[in-house]
Amino acid sequence: MSTTTIAKPQAKQPGKGRRMSLPVLLLVIAGVLVLTSVVRLISGADGITSTGQMSTALRLAVPIGLAGLGGLWAERAGVVNIGLEGMMILGTWFGAWAGYQWGPWTGVAFGIIGGALGAVLHAIATVTFNVNHIVSGVALNILALGTTRYLSKFTFENAPQGSSKQSPPIDSLGTFDIPGLSSWLDTLNEKHWFLISDIAGLIGGLVTNLSPLTVVAVALVPATWYVLWRTAFGLRLRSCGENPIAAESLGVNVYKYKYIAVIISGGFAGLGGAFLSIVASNVYLDGQTAGRGYIGLAAMIFGNWMPGGLALGAGLFGYTDSLNLRGGTTNVHALILLLAILLVIGAAYLAWKRRAVSSAITLAVSAVMFVWYAGVDEVPRQVVSAAPYIVTLLVLSLSAQRLRMPKADGMPYRKGQGK
């Protein structure tokens, strides 16, 4: 876009700047499916790939994915959005407050507005006044938590079936199955055949017990990709996150695009919050987000600031979160065996790369996992509850060397500073 963006070619650093191609990614997914099927047969934990498990995982992945999409929009424009958690909190409260009075779809709209209001505060602080993005985001999270608790005392406490920490029940948006396909896949999943039943459970979870809002949320992933990577608007917005000085020299109003991106980010996070209070539980509860805004941010980082990778990350975190609701102790016990096998494969790969120390450490950890699996029949409930956060840390630590954030993400910018 300008001479400032042209640089001498540099030698590629090992492990950095290489993006996994689609065929390789599909091959990896297929391999994990085969290993999961083998583990299911060995452990007898049929629930790890059941239709019900996958359907629950999808429902729990949606708010995480929406928060991640919100982070993607903001950070592609150069604004770090740690405030996703607070925007989700505002979305849960506004969605429930409007939803129980005027219907669930009105609640969805107000949830988006609530998240966007929080985003406006974050944008004013970071874009206009150049406040540190992390400080602004953390402050917003605290402000949102305190504000919603204060408002709940004056709105929900005196309402029928409500309290200071819970809203009255909200009418359901309803659910639906894909006729014919859903029941057929469920029947196939119950056969417990090798691989075939596992694939049927995975696909069946995507077409069973769907909320209309789930369909909207899933559609927002390719829509985001199209807008940001296939339109002039998206190009200008992303240029603000890569090189705002060069973008300004080409006539892009950087402030405007940063504001738009952060407000859209808040709308997505607010929608995720509304999903929690309207679809996932049909009431607002104090502390309902339970850190999903932060996990959504982790999903975005895992996805390397791309919508497709973000969706995979949200699905992974949603799956581990669903273990709390469906056969958690048995299923997590089986997944320990899967993790141990994957670590053996990882150790072999590291040995092939001639990284002897890393390979030895990975193999030792794998041995510990095998011993743990063989020594117990079920894992403690506390391990199941902590599984989403453990997986978040593991995934981020293992994928850290392949990450490439927007170059100007989080950097201060003043209009005209390039002159």
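Inspect the range 42-49 for any residue being of a type in the set (Asp, Glu), open to solvent by 10 Å² or more (accessible area, probe 1.4 Å), outside any loop (DSSP other than H, G, I, E, B) and modelled with pLDDT of 95 or more and give the result as yes or no. No, the conditions are met nowhere in the range 42-49. The C-beta contact set for the range 85-107 (first residue of a type in the set (A, V, I, L, M), second residue open to solvent by 10 Å² or more (accessible area, probe 1.4 Å), distance under 7 angstrom, 6+ apart or interchain) comprises 88/292; 89/145; 90/117; 96/283; 98/106; 98/110.
Results for (1) assigned to a helix (DSSP H, G or I); (2) at pLDDT below 85; (3) acidic (Asp, Glu), shown as yes or no for each residue.
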residue: 305; (1), (2), (3): no, no, no
residue: 310; (1), (2), (3): yes, no, no
residue: 329; (1), (2), (3): yes, yes, no
residue: 334; (1), (2), (3): yes, no, no
residue: 338; (1), (2), (3): yes, no, no
residue: 385; (1), (2), (3): yes, yes, no
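Condition first: assigned to a helix (DSSP H, G or I) and hydroxyl-bearing (Ser, Thr, Tyr). Can you find one or more residues in the range 411-418 that meet it? Looking through the range 411-418, none of the residues is assigned to a helix (DSSP H, G or I) and hydroxyl-bearing (Ser, Thr, Tyr). For residue 408, the criteria (1) open to solvent by less than 90 Å² (accessible area, probe 1.4 Å); (2) out of contact with any Asp or Glu (no Cβ under 8 Å at 6 or more places or on another chain); (3) among the hydrophobic types (A, V, I, L, M, F, W, C); (4) not in a helix (DSSP H, G or I) hold in every case but one, which is (2). Among residues of the range 290-301 that are open to solvent by 10 Å² or more (accessible area, probe 1.4 Å), those with a beta-carbon under 8 Å from a residue that is of a type in the set (D, E, K, R) at least six positions away or on a different chain give the pairs 291/85; 292/85; 294/85.
The values are calculated or read from the model by the stated rules, or taken from the named source; none is laboratory data. Keep in mind it's a predicted model, so treat the numbers as computed, not measured. Every residue, glycine as well, gets a Cβ built from its backbone with ideal geometry; the counts of neighbours run over all protein chains shown. Only protein heavy atoms, including side chains, enter the accessible area calculation; ligands, DNA and RNA are left aside. Shrake-Rupley method; radii C 1.70, N 1.55, O 1.52, S 1.80 Å.
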